[in-house]
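The values are calculated or read from the model by the stated rules, or taken from the named source; none is laboratory data. Just so it is clear, the structure is predicted and the values come from calculations on it, not from any experiment. Counting neighbours? That spans all protein chains shown, and the Cβs are built from the backbone with ideal geometry, glycine included. These area figures cover heavy atoms from the full protein model, side chains too; ligands, DNA and RNA do not enter into them. Shrake-Rupley method; radii C 1.70, N 1.55, O 1.52, S 1.80 Å.
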Amino acid sequence: MNTHLFIPLALAAALLACGGEEEASQPEQTPTAAATSPSATPRAMTATDHWFRGVVSEMNTGCYVDAICSVTVEITETLGGAPVDEGTEVVIITSYGFSTQRCDGQWAEAPPGREVEVLAHSAEGGSLAVCKGDHYFVKDLQTPE
């Protein structure tokens with residue numbers, strides 16, 4: 001092999017190898033700040049919607065029995081939309097069960113004590129619901145252990 005071609009190729013290979021080592025040796029960023037800060041304003045949220053964080057006090061998954069599934073959340077932080085009082089417990093309907101009315105919202109079963117983020121709309125009887133569209137949600141903010 002021609003030494004005039006070998007030297008530039010060897011230098012290029014050495015530079016590429018060193019560049020990869022620098023990237024690999026950088027400390028990994030931990031997402032701790034992202035876990036505590038609110039996410040971006042949810043898509044399609046309106047001023048009359050309720051966006052907040054809270055702690056689950058009860059999860060009712062009996063919609064197969066009594067036709068309604070819901071989650072009761074104690075509000076710890078209001079994030080936007082219509083005001084809700086921190087410290088208040090609210091019932092959030094997550095499924096109408098046997099009803100012909102469809103519930104399009106996203107929700108995850110979260111046991112009592114879990115922190116959740118909620119985007120909900122007002123429903124009958126002073127409760128909230130995640131049913132009017134697929135952009136409504138109850139998100140579990142803690143990863144299962």
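I'd like the Karplus ³J(HN,Hα) series for the range 118-130: coefficients 6.51, -1.76, 1.60, θ = phi - 60°, whole numbers in Hz, and an x wherever there's a Gly or Pro.
10, 10, 9, 10, 5, 10, 5, x, x, 8, 10, 8, 10
Can you list the residues of the range 92-129 with backbone N under 15 Å from a point 7 Å past the Cα of residue 61, pointing along Cα to Cβ?
Residues 94-95, 107-114 fall inside that zone.
Beta carbons within 10 angstrom, averaged per residue: use that to sort the peptides 82-91, 44-53, highest first. Kindly include the intermediate steps, with their values, before the conclusion.
Working: 82-91: 13.8, 44-53: 16.3.
Averaged packing, sorted descending, gives the order 44-53, 82-91.
DSSP loop (so not H, G, I, E, B), at most 13 other Cβ within 10 Å: list which chymotrypsin sites (Phe, Trp or Tyr not before Pro) in the range 71-145 pass both filters.
Details: sites: 96, 98, 107, 136, 137; in loops: 96, 98, 136.
For chymotrypsin sites (Phe, Trp or Tyr not before Pro) across the range 71-145 that sit outside H, G, I, E and B with at most 13 neighbouring Cβ atoms in 10 Å, the list reads 98.
For the charge dipole of the range 43-145, defined by +1 on Lys and Arg C-beta atoms and -1 on Asp and Glu C-beta atoms about the Cα centroid, which residue among 119, 131, 75 has the Cα displaced farthest towards the positive pole?
After comparing all options, I get 131.
Once amide H atoms are built 1.01 Å from N in the peptide plane, which residues 5 or more positions from residue 49, or in another chain, come under 5 Å H to H?
Under 5 Å from the amide H of residue 49: 82.
Leaving ligands, DNA and RNA out of it, rank 114, 43 by accessible area with a 1.4 Å probe, largest first.
43, 114
Search the structure for amide H atoms under 5 Å from the amide H of residue 103, placed 1.01 Å from N in the peptide plane, and list their residues when 5 or more places away or on another chain.
Amide H to amide H, under 5 Å and 5 or more residues apart or across chains, residue 103 pairs with 96.
So, in nm, how far is label residue 88 from label residue 40 when the simple model puts each one 7 Å beyond its Cα toward the Cβ?
Placing both labels 7 Å beyond Cα along the Cβ direction yields 2.9 nm.
Expressed as a whole percent, how much of the Cα-Cα distance distribution for the range 36-141 exceeds 21 Å? Let's see the in-between values first.
Details: 1398 of 5565 pairs.
Tail of P(r) above 21 Å: 25 percent of Cα pairs.
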